[in-house]
Amino acid sequence: MSEWWTYSLSDFLLFSPRTYYRLFELYNLAIWPAQLAALAAGIVIVAVWRHGGRAHGRMISGLLAGAWQWVAWAYLLEHYDTINWAASYFAIAFVLQALLLAWFGIVRDQLPLAWWREARSRVGLGVFVFALLIYPLLAPLLGRGWLQAEIFGVAPDPTVVATLGILLAAERPTRILAVIPLLWCAVSGATLWTMGSREGFVLPAIAILTLAWMGLRRTAPAP
Amino acid sequence: MPQDLTRRDMLALTAGVAGALVPLAAPAQPRILTRPIPSSREAVPLVGLGTWITFNVGNDKVARDSSAEVMRAFFAGGGTLIDSSPMYGSSQKVIGYGLSKLDAAKVFSADKVWISAAASGPAQIEASRAAWGVPRFDLLQVHNLLSWEPHLKTLFAMKAMGSLRYVGITTSEGRRHAEFERVMRAQPLDFIQITYNIIDREVEARILPLAQERGMAVIVNRPFQEGDLTRKLARHPLPAWAAEIDCTSWAQVILKFIISHPAVTCAIPATTRVDHVRENLAAATGRLPEAALRARIIAHVAKL
């Protein structure tokens, strides 16, 4: 793309806010009651996280990988692709993230989580619970109605936020697992910002929190 | 009143008289102004219909029907030229949906080729044609000069074979004007498409005069700066001089300013609303501003 500096974010916005949010409405109607299963999976993640044990990292990684895979197929390819020609590329990234979670989290068991012992685990849990319980409320709170709610496990933004919450609480954070979620925060944050959505600051704020926390952990002196 | 006339008869009689009077009482639809395509002298209405963002509604049946109603009002108001691109998401398919419900013969189909790989151009054009559901495009343009050399060869070959009527190139927001000008000088284009409005007037200096000199029709995109200009002007009262050019809204002032430039063939505002498409088409009727009033419009808007 030549003269790239002459382009603004609005030049890349292909749809209106009305079309974007209406897509969630049609998607939610199409997949009902998968949302209930997704919310149940989110509660199971918190329960397994709380319980701990040898396999908890593997179980949580498996559930997260399944969520990323579902979003790639059911939302990005089957729905978002109808209004955004870039959606198929996003779907590839989401499948890649599912594979990374499966490899590092299930095969190599590199995602055991801390529970409440340290500040980072409390922050991570807070971010996860925000994605699970608060994010679906944004649509009705902002006047768009329940049908346009974005729900963890089936919609991309809360799934990404929840994943960053898990990574924040990881005992041994695998930084490569944060790359695609952080890139999505930039892409979706820019989309919402350009549309003038009031929740446009949420994803960038979570991304900055994650980056800052990871940076702090990297520079912290060894005990 | 004759005794044998029932209430039903009276109602029918009243309705019949009223119906007969409607064509007399209703104002005749003003004639829509046209301008000829220089290379063929075919007349094109001065206001067309853009589809960027507005027609990208995916598979939403309600929104597709709404877009079809916009198209119905557009054709009913005398409009013909609809512009789209493979870049605009589902817009082409939504146009095709509308055309399948309406009289497709009225449409002047303007689309674009937008793909880096030159070899993929014909396949993309065919996919676009299938999405519209038209036998052939009236106009195909190289979108934002992307791979313009091989794509223009394809388009001129299609025109020579009779599978395309007109060839053009596009840019927007003032990008690549130097290269745009070079292509205009070197290629026998029928159309160019550029951004032009009261605020963005860079094309007045070289591009528009060159189009006149080379005999090229001009389509104007983003006349309302994606709504920013109309929203900004809506905060201010419509000046008294707007009545001198039969304008009842700022949107019409903006459009009349654009289409009054003698080089401009058609402006393509995009909308999702039937009332707006009617308002836009009304800008292609009545009086247009002369040079003095055009200067006054520029000065007035600059002060706001």
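Every number here is computed from the coordinates shown, using simple stated rules; none is lab data. As the structure is a prediction and not an experimental result, all values here were calculated from the model. Using ideal geometry, Cβ is built from the backbone for each residue, glycine included, and neighbour counts are taken over all protein chains shown.
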key: Selection of trypsin sites (Lys or Arg not before Pro), the stretch A:116-167, meeting DSSP coil and at most 13 other Cβ within 10 Å   = A:117
task = Count the lysine pairs in the protein assembly as shown whose Cα atoms lie under 28 Å apart, taking only pairs 8 or more positions apart in sequence or on different chains.
result = 18
request  = Quickly estimate the mean residue ellipticity at 222 nm for chain B, helices only: each DSSP H run with n ≥ 4 gives -39500 (n - 2.57), and the total goes over all residues, rounded to 500.
outcome  = -13000 deg cm²/dmol
ask   = To the nearest 10 degrees, how steeply does helix A:176-195 sit against the main Cα axis of chain A, on a 0 to 90 scale?
value = 30
query = When you count, for each residue, the other Cβ atoms within 10 Å and take the mean per peptide, how do B:289-295, B:31-37 rank with the highest first?
reply = B:31-37, B:289-295
message = I want to verify the translational diffusion coefficient of the protein assembly as shown in µm²/s; compute it with Stokes-Einstein, Rh as the Kirkwood radius over Cα pairs, at 37 °C and 0.692 mPa s.
response = 125
query = Against the longest alpha carbon principal axis of chain A, how many degrees, from 0 to 90 and to the nearest 10, is the axis of helix A:119-129 turned?
reply = 40
task = Can you tell me the dipole magnitude for the stretch A:105-223 around its Cα centre, using point charges on the Cβ only (Lys, Arg +1; Asp, Glu -1), in Debye to the nearest 20?
result = 320
For the stretch B:33-303: span of alpha carbons on each principal axis (Å, largest first) = 54, 45, 29
note = Restricted to chain B, the DSSP antiparallel beta bridge percent, nearest 5, is 10
key: Helix runs (DSSP H) in chain B reaching 15 Å along axis by Cα, Kyte-Doolittle at least -0.5   = B:7-25, B:61-76, B:91-101, B:121-132, B:148-161, B:291-303
ask   = In debye, nearest 20: dipole of the stretch B:159-216 around its Cα centre with unit charges on the Cβ of K, R (+) and D, E (-)?
value = 240
remark   = Under the rule rounded for a/c under 1.5, else prolate if a/b exceeds b/c, else oblate, using alpha carbon gyration tensor axes a ≥ b ≥ c, the stretch B:120-250 is classed as prolate
note = Computed on Cα atoms, the radius of gyration and Dmax of the stretch B:206-257 in angstrom are 14.0, 40
query = From the residues A:214, A:195, A:100, which one has its Cα farthest along the dipole of chain A in the positive direction, the dipole being from +1 and -1 charges on Cβ of Lys/Arg and Asp/Glu about the Cα centre?
reply = A:214
request  = Could you tally the net charge around residue B:31, taking each other residue with its Cβ under 14 Å from the Cβ of residue B:31, Lys/Arg +1 and Asp/Glu -1?
outcome  = +1
message = As I understand it, the value is the acute angle between the Cα axis of helix A:34-51 and the longest principal axis of the Cα atoms of chain A; what does it come to in degrees, rounded to 10?
response = 20
request  = For chain A, count the residues as N, evaluate 2.2 N^0.38 Å, and divide the Cα radius of gyration by that value, please.
outcome  = 1.01
